[in-house]
Amino acid sequence: MQAQGDLQELRERNSSLATQSMLNVICAWIFLRSFIIAVRMIHKRARMLAGWCCLLQATAGLVYTIGGMTVHLPNGLTCRGALWLVGAGLGISPSCVGAALLQKAYIVHDYNKWLMGIGIILLLQQPFFTYLVWASPGIILPSSGCLSCYPKYLPWIKLGIDMPINLVFSVAF
């Protein structure tokens, strides 16, 4: 709609959305395969945390990629809606990985309560990053499609959130 009257810009916008759609189809296939594998893991060992975490990650990926494929449709997901799904996935994925690793470290270190407490506190920071992604505006550029305009300090915040828990896991293992 933003390229009305400019045929070249319309083509460029359509090309960028088609590229994003193609990548979403490929990623949807990968997430679907991961979803099926996670369901099999849960079927074999329903009490295993890692299987549930894998299922949650694969489901979040499927929801985003399927929603992302509808961005260029008239009644599909808006750019902002797609960025909200990305933000949710960016909070879910490291939380799931961290939870599975924390469980393994807890078991390996003979059920150390301090390790579990510190790990939980450090993992509880992940939703803050999701909030920052959600608070960032989204735009559609002709050359690259739907993008998030996050602040320049956001990668530093992500580093500050991920580094402490990764250091705990590095020391634990």
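Just so it is clear, none of the values below were taken in a lab; they were calculated from the coordinates. All values derive from a computational prediction rather than experimental measurement. Cβ placement follows ideal geometry from the backbone for every residue including glycine, while neighbour counts extend to all protein chains displayed.
Would you mind checking the tilt of helix 49-69 against the longest principal axis of the Cα atoms of the chain, expressed as 0 to 90 degrees and rounded to 10?
Result, in degrees: 0.
In what order do VAL63, VAL25 fall by count of nearby beta-carbon atoms within 10 Å, going from fewest to most? Spell out each step's value before the answer.
Working: VAL63 16, VAL25 13.
Starting with the residue having the fewest Cβ neighbours, the order is VAL25, VAL63.
Using alpha carbons only, how many degrees (0 to 90, rounded to 10) separate the axis of helix 126-135 from the longest principal axis of the chain?
Approximately 10 degrees, to the nearest 10.
Considering the chain as a Gaussian network with a 10 Å cut-off on Cα pairs, which listed residue, CYS54, CYS79, CYS149, attains the greatest mean-square fluctuation?
Comparing CYS54, CYS79, CYS149 in a Gaussian network model of the chain, the most mobile one is CYS149.
Going by Cβ distance under 4.7 Å, what cysteines of the chain have no possible disulfide partner?
If one checks each Cβ against the other cysteines of the chain, CYS27, CYS54, CYS149 turn up with nothing under 4.7 Å.
Can you give me the angle between helix 79-108 and the longest principal axis of the chain, using Cα atoms only, in degrees from 0 to 90, rounded to the nearest 10?
Long axis of 79-108 versus the principal axis of the chain: about 20 degrees.
Nearest 500 deg cm²/dmol is fine: what mean residue ellipticity at 222 nm does the chain get from its DSSP H runs of n ≥ 4 alone, each adding -39,500 (n - 2.57), divided by its residue count?
Numbers: 6 runs with 129 residues, N = 173.
Helix contribution divided over all residues of the chain: -26000 deg cm²/dmol.
Pairs of Cα atoms under 8 Å, at least six residues apart: use those to get the relative contact order of the stretch 7-172, whole percent. Provide the component values of the computation, followed by the final result.
On the way: 175 pairs, mean separation 39.6, N = 166.
Taking the mean separation of contacting Cα pairs over the length of the stretch 7-172, I get 24 percent.
What list of ³J(HN,Hα) couplings, whole Hz, do you get for the stretch 10-19 from phi and the Karplus terms 6.51, -1.76, 1.60, once you set θ to phi - 60° and write x for glycine and proline?
Residue by residue, the stretch 10-19 yields 4, 5, 5, 5, 5, 5, 5, 5, 5, 5 Hz.
Considering only PRO94, PRO127, PRO74, give the residue with the highest GNM mean-square fluctuation for the chain, with springs between Cα atoms whenever their separation is below 10 Å.
Answer for the Gaussian network model of the chain: PRO74.
Each label point is 7 Å from the Cα along the Cα-to-Cβ direction; what then is the distance between the points at ARG33 and LEU124, in nm?
3.9
According to a simple spin-label model (label point 7 Å from Cα along Cα-to-Cβ), what is the distance in nm between ARG45 and MET163?
Spacing of the two 7 Å Cα→Cβ label points: 3.4 nm.
Obtain the nm distance between the two label points defined at TYR131 and LEU154 by a simple spin-label model: each point lies 7 Å from its Cα along the Cα-to-C-beta direction.
1.6
By counting other Cβ atoms within 10 Å of each Cβ, how are HIS109, HIS72 ranked from fewest to most?
Details: HIS109 14, HIS72 17.
Final ranking by Cβ density, sparse to dense: HIS109, HIS72.
What's the exposure ranking of LYS113, LYS158, LYS104, going from fewest to most Cβ atoms within 10 Å?
Numbers: LYS113 9, LYS158 18, LYS104 15.
The order, fewest Cβ neighbours first, is LYS113, LYS104, LYS158.
Largest first, please: the extent of the C-alpha atoms of the stretch 7-172 along each principal axis, to the nearest Å.
66, 40, 22
Which residue fluctuates most in the GNM of the chain (Cα springs below 10 Å): GLY67, GLY91, GLY160?
Of the options given, GLY160 has the highest mean-square fluctuation.
Restricting attention to the alpha-carbon atoms of the stretch 25-72, what are Rg (one decimal) and Dmax (integer), both in Å?
For the stretch 25-72, the Cα radius of gyration and maximum Cα-Cα distance read 11.7, 40 Å.
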